[in-house]
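The values are calculated or read from the model by the stated rules, or taken from the named source; none is laboratory data. This structure is a prediction, so every number in the text was calculated from the model and none was measured. Ideal geometry is used to build each Cβ from the backbone, glycine not excepted, and the neighbour counts take in all protein chains shown. Surface accessibility is based on the protein's heavy atoms, side chains included, excluding ligands, DNA and RNA. Shrake-Rupley method; radii C 1.70, N 1.55, O 1.52, S 1.80 Å.
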Amino acid sequence: MNFKRIQTIFIVAFVILDLFLLASYAWGSQPMVTNSHQSQQVALRRQMRADDIKLPLLSDQRQSGYYVLVTPDQNLVKQTQNLAPLKNATIQENENLVTVTYDKPVVLNSKTTAPAKVAPELTHQKRLVAGNHYLYQPDLSTSKTLVYSQELQGRPLLDSAGELHIFRNASGAITGYTQGRLSNSKLLRSRQPTISQLEAVNWLYKNNQLANNSKVRWVKLGYTKLQRSDDQLIYVPTWVAEVKNQTSGAGHLLRVNAFRENLIKVP
């Protein structure tokens, strides 16, 4: 066997050995990382229990989304004013939101009083523009206010600019609504990963946003306004959580930027 052949065999053997050692190191070190992460999660849960903070079942699966540029619908007011049944209604505009107060409450028949059917029915009666383009949001709704949202890139728009709030009196009749409507969306960057539902709640706790004796009722991923650019709005994926005081029942919403892990404050 000549020298070059022996040299080649040794080189191949060393390469195989290096690959084996590298794989062994990678596999051997992985449990340490996982165990460290799990230990941190267990410690956080223990601290939250000690602070009497109740949580729903939370997913550790990361999602994805975009930065999106969106334009408010400039024709919404005019379209609303052109609805014949609203000729005696009060119509007001404030920062691209339209508020309509009916001249007398609208009583719906029993087949259309289910919350998900109210907005489409009002649209059918020409008392509301494009109400069938919104999805009912039961978590955000109350007995007196039904909340619906548009969708952006398959996620709900979870701020007033893309929401529809329909108001009911004690008898269940519709007294009016406030409507925001967005259009002409444009992606600003390629798809990016977000933090998980679990990571969002952990961030809230570590940054002192979850008070003692509180309960996180739900956490959902949607789009909320990050900033304004001229007459356009920049939206970002956001984990929105409803947090309630377990004694008083008072609640509020917290919003975590799902890209940058910081709090988004709503004025």
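Where does the chain land at 222 nm, in deg cm²/dmol rounded to the nearest 500, when only DSSP H runs of n ≥ 4 count, each adding -39500 (n - 2.57), divided by all residues?
Taken over the chain, the calculation gives -9500 deg cm²/dmol.
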Item to complete: Order the peptides 167-178, 194-205 from the highest to the lowest mean number of other Cβ atoms within 10 Å of their residues.
Response: 194-205, 167-178
Worksheet entry | Carbon and sulfur %, accessible surface of the chain computed with the full protein complex present, 1.4 Å | 52
Practice prompt. Could you check the simple spin-label distance between residue 263 and residue 63, using points 7 Å along Cα→Cβ, in nm with one decimal?
Written response: 2.2
Worksheet item: So in the chain, what percent of DSSP beta bridges are antiparallel if you round to the nearest 5?
Response: 95
Item to complete: Note down the nm distance, to one decimal, between modelled labels 7 Å out along Cα→Cβ at residue 229 and at residue 112.
Response: 4.0
Fill in: Accessible surface, per residue, of region 108-147 when the full set of protein chains is kept, probe 1.4 Å, Å²
55
Practice prompt. Please sort through the DSSP H helices of the chain and keep those with an alpha-carbon extent of at least 27 Å along the long axis and a Kyte-Doolittle average not below -1.0.
Written response: 3-50
Worksheet item: Where the centroid of each part is defined by its Cα atoms, how far is region 89-136 from region 152-179 in Å?
Response: 8
Item to complete: With Rg/Rh (Cα atoms, Kirkwood Rh) in mind, check (i) 1.01; (ii) 0.97; (iii) 1.20 and report the label derived from this structure.
Response: (iii)
Response to the item:
For the chain, averaging the sequence separation of alpha carbon pairs under 8 Å that lie six or more residues apart and dividing by its residue count, the contact order in percent is 21
Practice prompt. Would you mind checking 87/111; 117/220; 144/206; 111/244; 144/265; 87/186 for any pair whose Cα atoms are more than 31 angstrom apart?
Written response: 144/206; 111/244; 87/186
Fill in: Accessible surface ranking that places the most exposed of 206, 215, 87, 220 first, with a 1.4 angstrom probe
87, 206, 215, 220
